[in-house]
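K.L.:
One structure, as structure tokens, below. Some questions next.
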Amino acid sequence: MGEIYVKYSPLGNNELEKFLASQDCEVNLPGLMGFVQYCAYNMAETVRLYGGSLVEKTAAEAALTLIAGMEKVIIKTLKDAGYHAPMPFSELIKLPEQSHTIGMGCKMGEGWLLTAEMLELVRSGYENIVCAQPFGCLPNHICGKGMIGSEKVVLVKPQTFMNLSGESIAEAVNFYKVDPASELLVIFDDISLAPGRIRIRKKGSAGGHNGIKNIIAQVGTEQFARIKVGVGEKPQGWDLADHVLGHMDKADRKLAEEAFLDAVSAVELIVDGKIEQAMNDYN
């Protein structure tokens, strides 16, 4: 799965599907029709969220209805033949918000579709997922635009190495003409906090976090808000990278998911100009 060209083009992904098959992997490549439906759905969703042409919305919805009829036949045919059939698009679109992972306003590049397809694969029993992205592609640095209350927001997820995060952040800050002191909020992991805890700061030093250190260097200021999300200290004898990039056990994962929801609520308060309240509520 991944960016539309790299996902399907053997030239773009360096024959990735063939390589995985040679390693005795059973490869499941989500279909192209899902991306077509995603584009049509987003046209209608844009009108619903931000206003626009009702003619465009009606045309998009008509296209979705037409495709859904063909999709139903294809899914039935696959199931009758004993193959794994994809989830209907009408069900796929429910997964991101049901799981509280991403909003449907995240439409840059493949936006919420990437998350939805991952969730579908996980629920179908797939244990490993490859998400192929083109290096330096702006739509895949920017997960999406949306609204929180009356404020326009942009969610940025750097595709650089973590300790070079500032390169992407600085580009976004300059492109969108963002004032870091009042309009930049960085959310990152912190091994000094236990899973389930978050900590909010208005500004400050990097505190030993190489990603934040690079953001400060590239943006040129420590004056920006941040939310630290606890992942716990690394076990004795573990490499730090293995700890922060590895899988949490079930107990810690449950605590972390609660912290994610706290972080979402804190973001809403901070965007609304209530960072003091967020600090009082969640620190």
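The values are calculated or read from the model by the stated rules, or taken from the named source; none is laboratory data. Just so it is clear, the model here is predicted, and its values are computed rather than measured. Quick reminder, even Gly has a Cβ in these numbers, built from the backbone with ideal geometry, and neighbours come from all protein chains shown.
K.L.:
Restricted to region 62-91, and to residues that are surrounded by 13 or more Cβ atoms within 10 Å (Cβ to Cβ) and either in contact with a Phe, Trp or Tyr (Cβ under 9 Å, 6 or more places away or on another chain) or in contact (Cβ under 8 Å) with a residue 60 or more places away in the chain (or both), which residue is nearest to Gly34 (Cα to Cα)?
P.N.:
By that ranking, first place goes to Phe89.
K.L.:
So Gln98 ticks every box in (1) in contact (Cβ under 8 Å) with a residue 12 or more places away in the chain; (2) farther than 24 Å from Pro10 by Cα; (3) not hydroxyl-bearing (Ser, Thr, Tyr) but one. Which box is left unticked?
P.N.:
(1)
K.L.:
Suppose we keep only residues that are under 30 Å from Asn28 (Cα atoms) and among the acidic types (Asp, Glu) within region 41-86. Which one would you say is modelled with the lowest pLDDT?
P.N.:
The initial filter retains those residues of region 41-86 that are under 30 Å from Asn28 (Cα atoms), namely 41-45, 60-86.
Keeping just the survivors that are among the acidic types (Asp, Glu) gives 45, 61, 71, 80.
Numbers: Glu45: 83, Glu61: 92, Glu71: 92, Asp80: 93.
The extreme case among them is Glu45.
K.L.:
Examine region 242-256 for a residue that is surrounded by 14 or more Cβ atoms within 10 Å (Cβ to Cβ), of a type outside the set (Asp, Glu), modelled with pLDDT of 85 or more and out of contact with any Lys or Arg (no Cβ under 7 Å at 6 or more places or on another chain), and state whether such a residue exists.
P.N.:
Within region 242-256, one or more residues are surrounded by 14 or more Cβ atoms within 10 Å (Cβ to Cβ), of a type outside the set (Asp, Glu), modelled with pLDDT of 85 or more and out of contact with any Lys or Arg (no Cβ under 7 Å at 6 or more places or on another chain).
K.L.:
Restricting the first residue to region 119-131 and requiring it to be assigned by TED's automatic domain parsing to the domain that holds Ile93 and without any contact (Cβ under 8 Å) to a residue 40 or more places away in the chain, which pairs with a second residue that is among the β-branched types (Val, Ile, Thr) and surrounded by 14 or more Cβ atoms within 10 Å (Cβ to Cβ) meet a Cβ separation below 8 Å and a spacing of at least six or different chains?
P.N.:
Leu119/Thr101
K.L.:
For region 24-32, indicate whether the set of residues that are surrounded by 12 or more Cβ atoms within 10 Å (Cβ to Cβ) and either in the same structural domain as Leu261 (by TED's automatic domain parsing) or hydroxyl-bearing (Ser, Thr, Tyr) (or both) is non-empty.
P.N.:
No: region 24-32 contains no residue that is surrounded by 12 or more Cβ atoms within 10 Å (Cβ to Cβ) and either in the same structural domain as Leu261 (by TED's automatic domain parsing) or hydroxyl-bearing (Ser, Thr, Tyr) (or both).
K.L.:
I need the full set of residues from region 9-23 which are surrounded by 15 or more Cβ atoms within 10 Å (Cβ to Cβ) and at pLDDT 90 or above, in order please.
P.N.:
Passing the criteria: Leu16, Glu17, Leu20.
K.L.:
What are the pairs, 6+ residues apart or on separate chains, where a residue within region 227-248 that is in a strand (DSSP E or B) has its Cβ under 6 Å from a residue that is of a type in the set (D, E, K, R) and modelled with pLDDT of 80 or more?
P.N.:
Lys228/Asp190; Lys228/Arg199; Val229/Asp189; Gly230/Asp190; Gly230/Arg197
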